[in-house]
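As structure tokens, the structure follows; a few thoughts come after it.
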Amino acid sequence: MVGLGAMGLGEPPADYGSIAAVGLFVALMCACIVVGHLLEEHRWMNESTTALLIGLGTGTVILLASSGKHSRILVFSEDLFFIYLLPPIIFNAGFQVKKKQFFRNFMTITLFAVVGTLISFSIISLGALGIISRLNIGALELGDYLALGAIFSATDSVCTLQVLSQDETPFLYSLVFGEGVVNDATSVVLFNAIQNFDLGDLSSLKFLQFIGNFLYLFGASTFLGVATGLLSAYVIKKLYFGRHSTDREVAIMMLMAYLSYMLAELLDLSGILTVFFCGILMSHYTWHNVTESSRVTTKHAFATLSFISETFLFLYVGMDALDIEKWKIVSETYSPMKSIALSSIILALVLIARAAFVFPLSYLSNLTKKTPGEKISIRQQVIIWWAGLMRGAVSIALAYNKFAKSGHTQLPSNAIMITSTITIVLFSTIVFGLLTKPLIRLMIPTRHLTREVSTLSEPSSPKSFLEQVTVDGPEADVENAVGIRRPTSLRMLLASPTQSVHHYWRKFDNAFMRPVFGGRGFVPFVPGSPTESSVPLLAPGSEN
């Protein structure tokens, strides 16, 4: 009893303010799930818009209850966002992606996500330097205008992806999805490069070093993600934790995925790219090396963690939009018209910058395509343009990183930049998000959806491997199933590089990679387990 008394038995065990804050967020996320379920048949309101509106409503209630003193119960932290919330979202994106569609359109995705982001960054930065500098909002330096270009080049395609379907529009979905993920990585890498770049010593050599550092970050981040994914596959295949505990299999997959992200951050690389490609490699090799129960568990566990993180982010963005501290600073320093003008100018620059690369780069991409089905139609280009107009949590996190310290700011010029970012995120997500479904239904009528399903659809990934057994037996070749001709000459290789690379990669994968790292076709053997020992061997070419 003395020991218990010394430990403070009967005293408050923790800060009740923190418990109340976490409890409120949990209750709000439950409300988002319930409301999202009720609106499932009427998809005009997607989960992100629902969470934003619930966050706005809650912030208003807190603001009124506190007599206008504050509207939030948690202070925004870039560390919370980048270390805990973003990794499960990006990893699940790589883990669930249809790899065939993604890599089949990889050159177009890279063109949009890298070259397009650089074009968007240049237009927004130059526009901000030429127009916003005339508003006299404060002492902004060249680095601030360049940072604005990186902040508002980060797209958020969640609203569009919630309306598009991988099965109905696989080609369009892969372009929007792939560009969104690589674009986030490009924007973050670009933002960090600007932060570390000495703008006072500009020269051609410094610019080349900047480009070289940018390419190094991309290459090294991708390599680290691939290496971590392969290491996880090899360890699980050799040690096979499932013979004793499937919990260990699930735990080692989750921890190694998170480890890849943290290693990238420690090495000053792009954690987004690293964990994304780690997810792709894990779904291609590691996921097939574990027991069937672990496959079902990991598939739903990763998706659930991603969903919770996204809901939490949009809830917080909605609540933080009413942060009275920053709005007071802005209202006391600037007129309402100046705030509206700043947000309107940035939004206009986003619209122009997006159009400035989507349509020209789509034209260039179409020049390399041989068949009309591979080309990006004007209707699809409009949807791709629209999908990238929305801004989200990445833009807010970068804005806080640049213009605030520990979630607070006292400089009016910094405060108006943060409030403008929040305004644009709210406006683009709610207004553009609500118009996404009718736009897509207008651009892609039902008859086109049916046609695309019949010609381009493929199984989801990861999916129960029992559903992937080919009708032609183990010797069936995926190239024959989708009508891809095997390259027999250099001329054919140049004429259809994507299909040719896929064919040679498949041969290399089957001959060298899968024997070492496992993957589809590897059946873990558990003595006395009829479920595992009776699983049929799948065709090596049936990978999605």
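Restricted to helices (runs of 4 or more DSSP H) entirely inside the range 187-294, those with at least 2 residues that are within 28 Å of Ile396 (Cβ to Cβ) and free of Cβ contacts under 8 Å to residues at least 60 places away in the same chain are 204-239, 246-266.
Pairs under 6 Å by beta carbon, first residue open to solvent by less than 10 Å² (accessible area, probe 1.4 Å) in the range 295-323, partner among the basic types (Lys, Arg), six or more apart or different chains? If the second residue must be among the basic types (Lys, Arg), the pairs left are Met319/Arg72; Asp320/Arg72; Asp323/Arg72. Among the residues making up the range 305-350, those that are among the aromatic types (Phe, Trp, Tyr) and more than 18 Å from Ala128 (Cβ to Cβ) are Phe307, Phe312, Phe314, Tyr316, Trp327.
Selection within the range 1-44: residues that are closer than 18 Å to Thr429 by Cα and at pLDDT below 70. The member of this set that is most open to solvent (accessible area, probe 1.4 Å) is Trp44. Selection over the range 298-347 of residues that are in contact with a Lys or Arg (Cβ under 6 Å, 6 or more places away or on another chain) and either of a type in the set (Gly, Ala, Ser) or under 30 Å from Ser122 (Cα atoms) (or both) gives a count of 1.
Kindly indicate whether Val176 is open to solvent by less than 40 Å² (accessible area, probe 1.4 Å) and either over 20 Å from Thr429 (Cα atoms) or not in a helix (DSSP H, G or I) (or both). Here the answer is no, as Val176 does not meet what is asked.
The condition (being open to solvent by 30 Å² or more (accessible area, probe 1.4 Å) and either at negative phi or touching a residue at least 24 places away in the same chain (Cβ under 8 Å) (or both)) is satisfied by just one residue among Thr155, Thr110: Thr110. Each residue in the range 317-339 was checked for being over 30 Å from Glu47 (Cβ atoms) and outside any helix (DSSP H, G or I), and 2 pass. For the range 162-173, the set of residues classified as modelled with pLDDT of 80 or more and either in a helix (DSSP H, G or I) or not polar (S, T, N, Q) (or both) consists of Pro170, Phe171, Leu172, Tyr173, listed by residue number.
Residues in the range 328-367 that are β-branched (Val, Ile, Thr) and free of Cβ contacts under 8 Å to residues at least 24 places away in the same chain: Ile340 alone.
Answer yes or no as to whether Ser344 is modelled with pLDDT of 90 or more, surrounded by fewer than 18 Cβ atoms within 10 Å (Cβ to Cβ) and within 30 Å of Ile194 (Cα to Cα). Against the criterion (modelled with pLDDT of 90 or more, surrounded by fewer than 18 Cβ atoms within 10 Å (Cβ to Cβ) and within 30 Å of Ile194 (Cα to Cα)), Ser344 qualifies. Summed over the range 382-431, the residues that are open to solvent by 20 Å² or more (accessible area, probe 1.4 Å), in contact with a helix residue (DSSP H, G or I) (Cβ under 8 Å, 6 or more places away or on another chain) and assigned to a helix (DSSP H, G or I) give a count of 11.
Against the list (1) open to solvent by 10 Å² or more (accessible area, probe 1.4 Å); (2) in a helix (DSSP H, G or I), the condition Ala147 fails is (1).
Scanning the range 239-248 for any residue that is of a type in the set (Phe, Trp, Tyr) and in contact with an Asp or Glu (Cβ under 6 Å, 6 or more places away or on another chain) turns up at least one such residue.
The values are calculated or read from the model by the stated rules, or taken from the named source; none is laboratory data. Bear in mind the structure is a predicted one, so any value in this text is a computation, not a measurement. Heads up, the Cβs are rebuilt from the backbone with ideal geometry, glycines too, and the neighbour counts pull from every protein chain shown. These area figures cover heavy atoms from the full protein model, side chains too; ligands, DNA and RNA do not enter into them. Shrake-Rupley method; radii C 1.70, N 1.55, O 1.52, S 1.80 Å.
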